[in-house]
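No lab work stands behind these numbers, since they all come straight from the coordinates. Owing to the predicted nature of the structure, the values given are computational and were not obtained by experimental measurement. Here the Cβ positions follow ideal geometry from the backbone for every residue, glycine too, while neighbour counts run over all protein chains shown.
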Amino acid sequence: MFASLFPSPTLTWYLVKLFVGRILGVLVLLVLVLQALQLLSESGDILAVPGNGQAEIWRFVQLNVPQLISRFLPYSVLLATLFTFWPLNQNSEVIAMRAGGLSAHQVLAPLLLTAGVISLVSLVFNETVVARSAGTLKVWNDLKYYPIPAESGSRSNVYLRDGDNILAARTVTGSGPATIMDDVSFYRRDPGGMVIQQMRSPRAVYANPGWQLQEPTVFNVAATQTQKLGDTVVSQSVTPAQVAISKIDPDGENIITLGRQIEELRAAGRRTDALDAKWWHKLSGPLSALLMPLLGSVAAFGLARSGQLLVRAVVGMALGFAYFVVDNAALAVGNFGGYTPLIAAWAPFLLFALVGETVLVRTEE
């Protein structure tokens, strides 16, 4: 029964080879062009840091290319669908398949199977490679391409509330009592929110309780005076556990780690809707590649001599790009609480799957 969903093995293999070749060609072209453009914009900032050179440029490429592959793989599948079906229709090969008794779904089945495999590979690739490289590149970018501290678990630009006061750190490394903050600023504020004193320190360590600023420089706003102090303990209500959950980058964490961090936030009484939507989107996002053959298949059917082949290709491309617009909009609305996380992540996928199937049924004759 499963075999009846596909054309003959020879025809299936023929369509799969055409499709995979075009996916790889489009993906390589997109990644090369976009990486070159990003190098032009970022290489100046990278090389502006003393000590940075060709090795750092190459490191940027290594960290950025996996993200480009993940981001533009669905676009590549969409364009490859159009580039596969356009010549097949133009050369009347689709008409020959239909005349041989194949339905529109059977013609499309090899491409859907290939896209399904690509979706699974993309999911594994995102969780094992992209999440790690995205997190590292985010921290490196926040540090303006200065060296990342050697300790594991580095995070950047962390802000913590201590009543009316603010404790901020450029980078945070380590965990638990071994947590270390670098380039630390402590802002003492009055009940109205006005800063009355600022302390700056190169490093802070956990003092159990509080955080010990190492030889901070203090600026008193009222007196407009600066003075140097010895080691000073501040923010005694802030614990290492609060630091650990203070800033979560969902794009830089794999689905297992992100799920654990969401549970920690929930246990602390924090809202997690935006992170929940991102967690679900780690599953629905890679599956977008599965939609692209369905949305682009409008270019496969209809007579080429009718003069509407270009219009059909444009419609297929428009449907594919509309999905990405709606998907991003749904996530944005979910972040503001307009949609539940499950709906924000899965509604666009289900909606466009229905749209694609409807268009296929209506246009196959």
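Residue exposure proxy: 183, 231, 162, ordered by other Cβ atoms within 10 angstrom of their Cβ from fewest to most, comes out as 231, 183, 162. Computed over neighbours whose Cβ is under 13 Å from that of residue 165, the net charge equals 0, Lys and Arg +1, Asp and Glu -1. Put in line by how crowded their Cβ is, counting other Cβ atoms within 10 Å and starting with the fewest, 166, 23, 262, 196 read 196, 166, 262, 23. For the chain, adding -39500 (n - 2.57) for each run of n ≥ 4 DSSP H residues and dividing by the number of residues yields -19000 deg cm²/dmol at 222 nm. Once the C-beta distance of residue 136 and residue 24 is scaled by a Förster radius of 30 Å, the resulting FRET efficiency is 0.70 to the nearest 0.05. Positive end of the dipole of the chain (Cβ unit charges, origin at the Cα centre): among 322, 284, 101, the Cα lying farthest that way belongs to 101.
Note on residue 251 and residue 49: with the Förster distance fixed at 25 Å, the Cβ-Cβ geometry gives a FRET efficiency of about 0.55. Listed by Cβ neighbour count within 10 Å, with the fewest neighbours leading, 257, 128, 272, 81 appear as 128, 257, 272, 81. What fraction of the Cα pairs in the chain, stated in percent, has a spacing above 30 angstrom? Percentage above 30 Å: 53. What the Cα atoms of the stretch 164-236 give is an Rg and a Dmax of 12.2, 38 Å. Estimated from the Cβ-Cβ distance and a Förster radius of 25 angstrom, the FRET efficiency linking residue 325 and residue 271 is about 0.45. For the chain, complete DSSP H runs whose alpha carbons reach 24 Å or more along their own long axis and whose mean Kyte-Doolittle score is -0.5 or higher are 9-47, 54-90, 104-125, 309-335, 341-363. Each Lys and Arg contributes +1 and each Asp and Glu -1, all at the Cβ; summed about the Cα centre of the chain, the dipole is approximately 300 debye. Multiplying the residue separation of residue 219 and residue 144 by 0.36 nm and subtracting their alpha-carbon distance yields 24.4 nm. Taking all Cα pairs closer than 8 Å and separated by 6 or more residues, the relative contact order of the chain comes to 17 percent. For the stretch 164-236, the relative contact order works out to 23 percent when only alpha carbon pairs closer than 8 Å and six or more residues apart are counted. Classify the stretch 309-360 from the C-alpha gyration tensor, please: rounded if a/c falls under 1.5, else prolate or oblate depending on whether a/b exceeds b/c. It comes out oblate by the Cα gyration axes. With a cut-off of 13 Å between beta carbons, the residues surrounding residue 284 carry a summed charge of 0, where Lys and Arg count +1 and Asp and Glu -1. Just to confirm a number: summing +1 for Lys and Arg and -1 for Asp and Glu over residues other than residue 114 whose beta-carbon lies under 13 angstrom from that of residue 114, what do you get? Around residue 114, the charge tally is +2. Basic side chains Lys and Arg get +1 at the Cβ, acidic Asp and Glu get -1 at the Cβ, and with that the dipole of the stretch 164-236 about its Cα centre reaches some 80 debye.
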